[in-house]
Structure formats: structure tokens, C-alpha cells
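Structure first, then comments.
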Amino acid sequence: MSEYVQITTTTDSKELAQKIAETLVEKKLAACAQISGPITSIYEWKGKVENEEEWYCVIKTRKNLYQEVEENIKALHPYEVPEIIALPIVEGNKAYLAWINEVVKD
């Protein structure tokens, strides 16, 4: 199983996406996070199709830090059920992966 993961979440504002990214990097739970948006999210929620503007946040870290990342996102997030998904990084620039190890906590 991969040692590194890319975690994604969406938020209802750029400011919240930035707050999540900054918090995770400051706490050394993530090496970096990229924010893009606005994006359009279409989804079903409580029996109704929703069409909302959101911001997308992509977070790079190690798999062993996932639980702490999830807890921190949930603490900051207003959604009842926020998207928090981790995907394994199966290959990567060795220098980049080494950098992730340097900047995140042990």
C-alpha cells in the first residue's frame, strides 16, 4: 500500500478552502494543498438535486496522517457530510516525495 496520499475536499468558499489548507500545512499534517475554483457541483442531497458553486482543495501528505487530516477538516467544515477522500499516490518524483517527508510531522 502507498505511503503517500492525495486527499480532496470541497468547500462553499475560497476563504474556507484557504483556511483548511493553511491549517493543515501549519500543523505539518500536509506538505501542500492546491485550491481551484470556482467549480460547479451537482449532487443529490436529501432527495433534491443541488447545483452549487464550490472550491476544490487537493492536499498532499502521508497515509499515516489521514485520520488527523480528516479530523481537522471536519472541525473547520460547515457541511453535515463533507467530501474527504484519500487516493493513493502510487508513483511520484522521488525528490518530491522526499520533500513531503521533510515537511510533514513524523
Wholly within the chain, strands (runs of 3 or more DSSP E) carrying at least 1 residues that are over 11 Å from the mean Cα position of the chain (by Cα) and at positive phi: 32-45
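May I ask you to say which residue of Thr10, Thr40 is at pLDDT 95 or above and touching a Ser or Thr at 6+ places or on another chain (Cβ under 8 Å)? Before the answer, list the steps.
Values: Thr40 fails: touching a Ser or Thr at 6+ places or on another chain (Cβ under 8 Å).
Just a single option satisfies the conditions, and that option is Thr10.
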Criterion violated by Asp12 - all others in (1) exposed (fewer than 12 other Cβ atoms within 10 Å of the Cβ); (2) touching a residue at least 40 places away in the same chain (Cβ under 8 Å) satisfied: (1)
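The values are calculated or read from the model by the stated rules, or taken from the named source; none is laboratory data. Values in this document were obtained by computation on a predicted structure and should not be read as measured data. For neighbour counting, all protein chains shown are included, and Cβ atoms are generated from backbone atoms with ideal geometry for every residue, glycine included.
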